[in-house]
Structures are given as structure tokens and as C-alpha cells.
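Student: Quick one: structure below, then a few questions.
A short reminder: the numbers here are calculations on the coordinates, not readings from a lab. Since the model is a prediction, treat every value here as computed from it, not as a measurement. Cβ: placed from backbone, ideal geometry, glycine included. Neighbour counts: every protein chain shown.
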Amino acid sequence: MAYPTEYRYTKEHEWIVVKGGIATIGITDYAQHELGDVVFVELPKAGTKLAAGKIFGSVESVKAVSEIFAPASGDLVEANAALQDKPETLNTDPHGAGWLVKVKLTNPAELSSLLDAAAYEAFIAEKQKEASS
Amino acid sequence: MRYLPKSPAERQEMLAAIGVKSVEELFSTIPEAYRLKKPLNLPGPLSEPEVIEYFRARAAENSVGYTSFLGAGVYNHLSSVITDTVLQRGEFLTSYTPYQAEISQGTLQAIFEFQTLMCQLTGQEVANASMYDGSTATTEAVLMAERLTGKRRVLVARSVHPEYREVLKTYAKNSGLKVEEIGYTAAGTVDAKELQSALRDDVCAVVAQSPNFFGAIESLPPLAEAAHASGALLVTAITEGVSLGVVRPPAEADIVAMEAQSFGLAPSYGGPFAGVIASKEKFVRQMPGRLAGQTVDMDGSRGFVLTLATREQHIRREKATSNICTNQALCALAATVHLTLLGKEGLREMAEQNLAKAQYALQELQTIPGVKRTFAGPFFNEFVVELPRSVKMVNAELLKEKIVGPFVLGSAYPELTKHALVCVTETTSRAEIERMVAAVRRALEQPL
Amino acid sequence: MTENTKKVSRHPTQSEGLIFEKSSPGKRAFDLPPLDVPVVDAAKALGEFRRSEGVEGFPEVSEIEVLRHFTRLSTWNYAIDLGMYPLGSCTMKYNPRVNEHVARLTGLATEHPYQPQELSQGCLKILQLLEKCLLEITGMDAVTLQPAAGAQGELTGILLIRAHHEKLRNPRKTVLIPDSAHGTNPATAIIAGYQVQNIKSSDEGQIDIAHLDEQVTGDVAALMLTNPSTLGIFEQRIAEIAKVLHAKGALLYMDGANMNALTGVTRPGDLGVDVMHLNLHKTFSTPHGGGGPGAGPVAIKKLLEPYLPVPVLVEKEGGRLALDYHRKESIGRVRAFGGNFGVLVRALAYILAYGPGVRQATEDAVLNANYIRKHLVGVFDLPYTRPSMHEVVFSDALQKKHGVNTVDIAKRLIDYGFHPYTTAFPLIVPGALMIEPTESESKEECDLFIDAMKSIAREAETDPELVKTAPHTTRVRRLDEVAAARKPVLRWKPGGK
């Protein structure tokens, strides 16, 4: 799966894209592949304050739990309610319909320290090389 | 030794295959200074007949031949020999936790049936596969309420079993929970006024027991309403599960913590028993303990698996809903078989017999001058009476007649100095009830 | 296969439904003796509290149907009575049947925990003798038999440690836990109100003492150590570890799950351990019963004695035994009543059967594990090469090259008639295969196991698909755990499936 060039990425495998002052956040295709079939997603309620680098939720497969780290700080506007009923969307469309939360950023400058698509793809290529050595 | 399937020759063969001369070499990583030079000073070895003789001798030193009127959280009930026949099957007795579902379907389906029976009994939507006992189930239910509400105060009724409250305090001390007690009324039930004035928006759980420690049945709907109005959850503890055969289920409770000992588990001097947590579906991800879920295999056949394991310690580790690993699976199986044997009609009939026997005992005791019923209001198979003289003295006299008398309430409730908690189940004959009443009458007639 | 053809193709034991599906109004399995006192009208006695009907949905079946139902279910289970469970750290040894017999004796199974203590001397003597035996085995000073399982024993032990520190005016903040630890360890520390700090294991799977010295600050309450570790390797410098901790006022907790490697050979008390728990359902043969019950006694050094849970067993004049409920500094109770007495009886029966010869069981357990290790080295990757005690940990690194992992190998082992070993634990070994045969396996069983594992390793090379799609011979295959977690169905409902 290609990594959208307009998105930014973290080393914890989250992505973030900003449109009209609202940032949408999700996990990458690499992350969903590592997790396996997603069975449950735990997300905070609207109004919650996210802090860059801090955990704001978790994604569960049958045998593992993965915590999600906020790529940037902001106030939570909406959590993706569709994931409660269909958590598998995270596996099939992690960069689109599998979005996790929409956030109103409080410090957009934080985005500049994130990876762009090319840097992220290089990062995971390196990880995959390490794993198979 | 008969449990070790090795001959001396085989041991030698294996040592040779490994490439060592003696088994001592296999312990070389233990520093010499700490390796024992002599055998442990332990009794035995005993042959099988000698093992049996040792325990028979101990059994003879206990209460064989006595009739008991004790309840207080552990109850004598009839059970079928078939329960043991099933439990003793090696495939149930000696099997492991069903993590490998393909070769544990027997255990898993039985757990699924247990979970179903517990829901049916309590009027709740989901139930787990067991906790250690009713006391720890109650404590874990409170911790669950804390996780669900994020609040830190707990209001627990004094009419909840004293040892259950002690356990809650032990666990609460270190998790930052503040536990406060709510008194009981002249009827022996939760003081709703006191509860209301204690309730604020910082309470995670209101804990009540029904039938409570005094045997009185609590009215749960007003307690639930009061709790919910303040954003708290109602936790209901049940120590005598047979009551559910004739008493309406605690459907208004948010979380039920039940002790399943009454369902075919021997009193066994305090354990092993089986606790259960039953609650609403929406709370299931905060429920501790194992859960068996229905699914299909690759050929479409129905099967069962342990599920929602991400709540548990082996995956969540420090963020787990509980540290519980080993539970009371075989005891839960015993309860499942027992309840299946009793069935709908059998459980109802057993419950009705308890009701009748306890009423009869109370009625007979009240014919003794000076013996007073303490709490008015409906009860199941336990009730409190006040005696004109010390309960301890009366019990001492009863012992001489090979009767184990009622529970002395004064030890747990200092304000109930002359009160006794009498329990009568379907196992106590009319003749024994009358014999007990006559003995109490005689004890009270004795000159001071 | 549809409902209509239920009886046709497969044997009834293979298609046994839920007990509720066999239910029909009017069937009964158990009769009660007739009531000998006047009947009471439930409506009058209970009023609004009355349950108007019997429990809705409760089964109504006959005695033979109940017996057949559960007998059929039992035939779907693997069990120790059938064969080996090579599960690491579970110690699935033989459950002696005489233990079942004595636990059920009238006079033991029938006793009420609140009956007068003078009528319970037999029970109390059993508890006292078990305490004495466990102290002799562990080399500790005192013991509580109250905890219901290992995890509860861990909690009790950490609470005792907390009480000790609180007495010294500083409860401290952290518990150190190796990354190879069982999940109950960190979960327990949190419940006890401590934060967890992980210690990385060294390249040899041991605690790095220099590192430890840095990590033990005045904020550290204790280190929770499993010995032998979950790698089956003895923590050789445990006495030094104890010294490092004690120098800073911290205590050493030992998780006794792997006691099967030590009983009769060495004693944790001699090694500097301050407090430990035992798993009676592991080392002391009480049956697992599909997941429990167990018991987790906690043995301590004298310094923790004032804080023991109540009641404490004491001996009075004339040898009379009693339960002491009045201990001012006790941490309280961790459960109602005294403990899982029925489990304690079974453990004592096991110890009495062996007597001082219990060391032989330990020797055979370690012999079996090393025999298996010797034959499988080279067939499977051995990540930590220090000597194994009662269990050995391999990894799936060699088989991974063919796309076969530890779970696949474990599932294929089922086709050879064995229960799988422990997969994917400890966490520090990626793709772990943790094997503990116990002393209950004969040379013949060990050889069969070795042959099966070798055969599977060959299959991984020559026919990986066969291994990856295992098991092939079980009643159900590859159950859909994802669906079970996404849409949990946790009970039967009428009309539903």
C-alpha cells in the first residue's frame, strides 16, 4: 500500500493529515499488518485533550494490545464511531475509512518534526531488514 | 516411588545420553554452598493405605455426628453423587486451562453453560468463568466499578458479610479507594436515608448483599436508583445462591458478585469455592476473569474459545483488569453439573424447602420465653434471634448434645450482643430442628 | 451438515449440543426428599421479592441425559491422565488419586469454617503439618495458607512487603520486575499500589548485577524474581542479588512457580529470599481441573511475621490448636475463611506420600528436561545456552526460515497426541518454545515426544503447509478467535444459536 504524500508519520506508526484546521489521525498500513485482525478499538470522548507523544487510546487484536500515541496536541472533535461496529476497517482501509480521531490542533508547529512519506517508508524498510536478519 | 515412572537402569541410560555421570551434575549451576547435603526432614514416605489412615484419623477429630445450624456465608445443601462422578473424570480433573481450544472443547463448552446459568440466575447479561470466591468477586466488582466510573469512594453496607468487607478493605487500601460503611435499619436492611446523605458525585460503587448477612432480603430498586442518580454503580453480593430459586433476581444491580458454594460445593472448612461476576454487556471489557465465547471453526462447526483475553494479565500485564490467572474452574464445573441436575423445578423446590424449614425453626424458637425475632421483613433461610442470655453459653450447652449452634453475631457486630444468626436448610430434618429448640429451651431454663 | 441430518454422519459424542438445547419442560434429574415441615406460601413469605416462576431458561433434563452430556463433553478434552503436557512453568505432573479420596472424606469435606475450634482440631492439625512441611521445604520462618492461587499469593507477598516499609515510615514507590516475568507479576504490583520498573535480562538470561545496583534506589520496595527464571535457568548470583537489595533496604520476593526444580535440592530461604509464594497446583500436584482451583501459600522470613493475614494458626497449651484473629499489624484478609482447604489437603497428601524422598521427583524432573534438551539441540534453535533445570526454552528461528512459527509447531504437536508446549513466552525469546516435561513422564514418553518434535521439524522443511494448517485430527479446527472477540457471544439464549 502506498503511503499518501500529503500525510505525516510518526515512528510509532501513526499518521496525521490536516484539512481546514482539523487534523485527522490514524495508524499506518504497517501497524495494522503487524497487529493482525483488529477486534476492538478504544478511543477517548469528544473534548478530550491530546498531548503530543502521549497515549490516547489502544487497538486490540486477539492476542495483543497496541497503544496509540498522539502525533500532535489538540482537542478531540470526533472519534470514529464506525470502528465500534466494524473494527476490521482498520485492516482494510487504514489510511482512509479506518481513521481514528479528528482533532483541532493547538500547536501546529509540532507537525514539522514528523516524518514525511518518503522518510517513513525508509524507516519501515529498515525495520523489516532488521527483523529478517 | 510409585509416582515416578523410571527404573534405575533408565535413569542411567538417560544420564549417559545427556553425557553426565550423575544427576548431581545437572544441579551444578546451584552454588555448592546452597545445595542441601541431607534429605529434608519431612514426615513419610507413606503408602496409599497409610495416607488414607492419616487423613481418616484427622477427620475423626472434627465434627462428625453433629447437626449444624451455621450459615453465615457457607451453606449445607443436598447434592447428587453424579456431580462427583463427572468431576472425577480424568479429562475434567486433570486437564489444563483451555488455552488450546481444539483439545479443550469439553471444558470450554461447560464454561459457556456455566456462564449461561449464572446469567439466568441473576438476571444479568454476561457472567465470567469464575473468581476465587464471593469475597474476592465482590472486591473485584468494586474495582471494576472504579474503572468504569473513574471515581474513588465506595459505600458498603454493614449488612454485607463481615469478612467480605475485610477483604475489600485490604485491597482498597492500596488502590486509593476510600471505603465507608452504611448502617442498617431496625428492619435489618440498608439504611436508605444514611446512604442518600453519604452519596455525592464521587462514589463509584454502592455495595449491598441480598439476602444480607442477617438473612434479610434487600429491596434493590431504590438502592440502584439512589446510586445511579449520583453516577455510582450498584454492586450486589450474594452468598446464598439457592435463594435465587425463589427470590427475584438482582436485575437492577449493575454488577453482581455471587458465591457459588451453595451449588453442590462441599463446605470443606472454607474452600475451594467459586465466585462469579455477572454484569451488563456494555461493561464486559472491564470485567475480570476468563470468558468463554461461542464461535465457529474453519468447517463452520460450532466451538468455543477463551475470548477478550486482552483484558487479562498474560497480555495486558500491568494494565490488566485483574492479576487473576488460575481461577476455580473445577468448582464452577461442579456448580454447572449440580444446577443441571437440579434443573428449573428442582432448584425452585429446594429453595421452597429452605423457606419452609427456616420459617418453622423461627416459629418454634419463638415459643421459648424471652427469645425474640430481631428483624421483621422477608428472609430466606437465615434469621436473627435475640436470646435472654449469652449466645456463647447456649451454644456451649448445645454442643454437649452434639448440636453446632447458630453464629454468634456479637463477634462481628458489637452492638448485637445477645443475637444469634440461625441457618436452616433443606438438609436439616424436622426432628433435628425440634431437638435444637428443646436444647435451647433447656439451656435458657438453667439456673444462673 | 444441517440440523435435520444431526444423527446421520457423525458419532453423537462429536455433535453434542448445549444442555439447554436438550431441555424440555417436565423432565427432572434430581428428586428431593419430601418436606417434613408445613409448606410455606412463597408469595406470603416474600411478597414483592418473590420470583414468580422458576429460573427462566434453566435446563429441564433427566439424570441420564446429564451424565451423558458431561461424559461426552469430557471426551473432547486432553488431560494429564491421557498424556504429557510439556507446558513450561505449569508443572503438569500426575495428580495422585488418593488425594481426591482423602479430600472427600466425611469429617474433612463436611466441616464448616465457623464451627467451634475444639471441633476442628483435625482440620487444624492438617494445616499445622502442612505449614511445617512447607517451611522445611522452603527454608523460611513462617507461612500463610490463605491465598487462593499464585497470583493472590503474589499480592499477599507484596502487601507484606508494603506493610514492612510502611512500618519504617516509607512505603517506597517501585517494584523491579525482570522482562522475562510471568504477567501476574506486574499486574500484582500495580494492584498493591506500586509502579513497575522493568529490568532487562542479560545476554545469558540472568539478572545483570551491576545494572541492578544502579536501579535499586531508596524508592525501590522489592525485586520480584522467578528462580529458576522462566528460561529454566538458575539465577546463580541470587545471594548477591539479595545483598544488593538488602543494602538499600529493599526486599527480595521470589515467585515460586518453578519450585519443581529446587525442592529437596536447595532452599530459597538459604538463598536470601525474604518472601515467596508457592503454587500448590504446580509443584505439589493438586489438579488443574481445567483452570483451577489452586492455592498460593506465602512463606516469609521472621521480619514480615507481624503482618501476616488473619487468622494465624497458633498452638496453645496442651497442644490445642487455635486460630488467632487478633493481630494488630496484620495486613488483613485477602479472602473470606481460611483458604482453599480442600486443595491444602491434597498438597499434604502428596508430601506425605514422598516424605524425605521428594528430592527424587526434582531430580527426575531436571533429568527429563535435560534429556529432551540434549536430543532437540540442533533441531531447534537454543537462544540461551546456560544449563537448564526443569524446563528448556527453544525458539522457532530455524523453522521460521520455512515460514513455520512456534504456534504452528505447537498445533502440529496435537496431531502427534501431545498437548502443545508453552508458546510465545517468555517475551524475551521471540517465537519461544517452552518445554517442561515434569518428573511424571517415563523415558518412553520423553522419547515419543522427542520423536514427534523431530518429525515436525522435518515437516517444517519438507511440507511447511502441513504444519501451518495443523491440527488435522481434532474435532474442531482453527476456531475463529477474531469473530469471537469482535462480536462476543458469551451465553446461550433461547431461539438463538
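Student: Separation between the B:D201 and A:H33 pseudo-spin-labels, each 7 Å from Cα along Cα→Cβ, expressed in nm?
Tutor: The two pseudo-label positions are separated by 4.8 nm.
Student: Okay, next question. Which values, in whole Å and largest first, are the semi-axes of the equivalent ellipsoid of the protein assembly as shown obtained as the square root of 5 times each eigenvalue of the Cα gyration tensor?
Tutor: 46, 36, 30
Student: Still on this structure: Placing unit charges on C-beta atoms (Lys and Arg positive, Asp and Glu negative, everything else neutral), compute the dipole magnitude of the protein assembly as shown about its Cα centre in debye, rounded to 20.
Tutor: With only Lys, Arg, Asp and Glu charged at Cβ, the dipole is about 1440 debye.
Student: Tell me the volume per residue, in Å³, of the convex hull enclosing the alpha carbons of region B:81-338. Show your work: numbers first, answer last.
Tutor: On the way: hull volume 33.1 nm³, N = 258.
Enclosed volume per residue, from the Cα hull, is 128 Å³.
Student: Need the full-extension length gain, B:A192 to B:H228, defined as separation in residues times 0.36 nm minus the C-alpha distance. One decimal, nm.
Tutor: This chain segment gains 11.6 nm when fully extended.
Student: How many nm is it between the label spots at A:A109 and A:E88, if each spot is 7 Å from the Cα in line with the beta carbon?
Tutor: Reported label-point gap for A:A109 and A:E88 is 4.6 nm.
Student: Past the 19 Å Cα-Cα mark, which pairs from B:K178/B:K319; C:K173/C:K328; A:K86/B:K282; A:K63/B:K319?
Tutor: B:K178/B:K319; C:K173/C:K328
Student: Counting only residues 5 or more places away or on other chains, whose amide H sits under 5 Å from the amide H of B:S262 once H atoms are built in the peptide plane?
Tutor: B:G241
Student: Cut-off is 10 Å between beta-carbons; in what order do B:M436, C:M224 appear when sorted fewest neighbours first? Spell out each step's value before the answer.
Tutor: Numbers: B:M436 25, C:M224 28.
Final ranking by Cβ density, sparse to dense: B:M436, C:M224.
Student: Any idea what the dipole of region B:81-338 comes to, in debye rounded to 20, about its Cα centre with Lys/Arg Cβ at +1 and Asp/Glu Cβ at -1?
Tutor: Result for region B:81-338 is approximately 660 debye, rounded to the nearest 20.
Student: Counting Lys +1, Arg +1, Asp -1, Glu -1, what net charge surrounds A:G74 among other residues with beta carbon under 10 Å of its beta carbon? Each step should come with its number before you reach the end.
Tutor: On the way: positive: A:K49, A:K102, A:K104; negative: A:D75, A:E110.
With Lys, Arg at +1 and Asp, Glu at -1, the net is +1.
Student: Which far-off residues, 5 or more places away or on another chain, put their amide H under 5 Å from the one on B:L233, with H placed in the peptide plane?
Tutor: Those qualifying (amide H under 5 Å, at least 5 residues apart or on another chain) are B:A205, B:V206.
Student: Let me ask something else about it. Separation between the B:A16 and C:L35 pseudo-spin-labels, each 7 Å from Cα along Cα→Cβ, expressed in nm?
Tutor: 7.6 nm
Student: Something else now. In percent, how large is the relative contact order of region B:384-425, given Cα pairs closer than 8 Å and 6 or more residues apart?
Tutor: Values: 51 pairs, mean separation 20.0, N = 42.
Value for region B:384-425: 48 percent.
Student: So, R0 is 41 Å and r is the distance between the beta-carbons of C:E214 and B:E180; what FRET efficiency does that work out to, to 0.05?
Tutor: The calculated FRET efficiency here is 0.40.
Student: Once you list every other residue whose beta carbon is under 13 Å from the beta carbon of B:R442, what net charge do they have if Lys and Arg are +1 and Asp and Glu are -1?
Tutor: Net charge around B:R442: 0.
Student: For chain A, set up a Gaussian network in which alpha carbons nearer than 10 Å are linked by springs, and say which option among A:K19, A:K49, A:K11 fluctuates the most.
Tutor: Top of the fluctuation ranking is A:K19.
Student: Suppose R0 equals 22 Å; then what is the FRET efficiency for B:K38 and C:K132 from their Cβ-Cβ distance, rounded to the nearest 0.05?
Tutor: 0.80
Student: Can you tell me the length gained on complete extension of the stretch B:R442 to B:Q286, counting 0.36 nm per residue apart and subtracting the Cα distance?
Tutor: Working: separation 156, 0.36 × 156 = 56.16 nm, distance 5.48 nm.
Extra length available between B:R442 and B:Q286 comes to 50.7 nm.
Student: Among C:L382, C:Y78, C:F49, whose Cα lies farthest out toward the positive end of the dipole of chain C, if unit charges sit on the beta carbon of Lys, Arg (+1) and Asp, Glu (-1)?
Tutor: C:F49
Student: Right, another one. Under unit Cβ charges (Lys, Arg +1; Asp, Glu -1), what dipole magnitude, rounded to 20 debye, does chain C have relative to its Cα centre?
Tutor: Charge dipole of chain C: 960 debye, to the nearest 20.
Student: While we're on this one: If you average the C-alpha positions of region B:1-55 and of region B:120-141 separately, how far apart do those two centres end up, in angstrom?
Tutor: Here the answer is 43 Å between Cα centres.
Student: Run the numbers on chain A and let me know its relative contact order in percent, using alpha-carbon pairs under 8 Å that are six or more apart.
Tutor: After rounding, I find 30 percent.
Student: Apply the Debye scattering formula to chain B, with a single equal point scatterer on each alpha-carbon and no solvent, then give log10 I(q)/I(0) at q = 0.13, 0.14 Å⁻¹.
Tutor: Results for chain B at q = 0.13, 0.14 Å⁻¹ read -1.19, -1.30.
Student: Another question about this same structure. Can you tell me the orientation of helix B:134-149 relative to chain B, as the angle in degrees between its alpha-carbon axis and the longest Cα principal axis, to the nearest 10?
Tutor: Orientation of helix B:134-149: about 90 degrees from the principal axis.
Student: Taking every pair of alpha-carbon atoms in region A:44-87, what share in percent sits in each 10 Å bin, from 0 to the bin with the longest distance?
Tutor: For region A:44-87, the pair-distance distribution reads 25, 52, 22, 1.
Student: Considering the Cα positions of region C:100-356, please state its Rg to one decimal place and its Dmax as a whole number of Å.
Tutor: 18.2, 57
Student: Could you derive backbone 3J(HN,Hα) for region C:430-435 from the dihedral phi with the Karplus parameters 6.51, -1.76 and 1.60 (θ = phi - 60°), listing whole Hz in sequence and x where the residue is Gly or Pro?
Tutor: Per-residue couplings from phi come out as x, x, 6, 10, 9, 10 Hz.
Student: If contacts are Cα pairs under 8 angstrom and at least 6 residues apart, what is the relative contact order of chain B in percent?
Tutor: It rounds to 20 percent for chain B.
Student: Moving to a separate point now. If you take every residue apart from B:L36 with its C-beta less than 10 Å away from the C-beta of B:L36, what net charge results, scoring Lys and Arg +1 and Asp and Glu -1?
Tutor: Charge balance in the 10 Å sphere: +4.
Student: Using only helices, what value at 222 nm comes out for the protein assembly as shown when you add -39,500 (n - 2.57) per DSSP H run of length 4 or more and divide by the total residues, to the nearest 500 deg cm²/dmol?
Tutor: Only helices count here, giving -10000 deg cm²/dmol.
Student: What Kirkwood hydrodynamic radius do you get for chain C when you take the inverse of the mean 1/r over all pairs of distinct Cα atoms, in Å?
Tutor: The answer is 25.6 Å.
Student: Ranking B:V167, C:V196, C:V314 by Cβ neighbours within 10 Å, fewest first, what do you get?
Tutor: Ascending number of Cβ neighbours within 10 Å: C:V314, C:V196, B:V167.
Student: Still on this structure, I have one more. Kindly rank C:99-105, B:225-231 from highest to lowest mean number of other beta carbons found within 10 Å of each residue.
Tutor: Ranked by mean Cβ neighbours within 10 Å, highest first: C:99-105, B:225-231.
Student: If neighbour count is taken as other Cβ atoms inside 10 Å, put B:V422, A:V77, C:V298 in order from fewest to most.
Tutor: Listing B:V422, A:V77, C:V298 from fewest to most nearby Cβ atoms yields A:V77, B:V422, C:V298.
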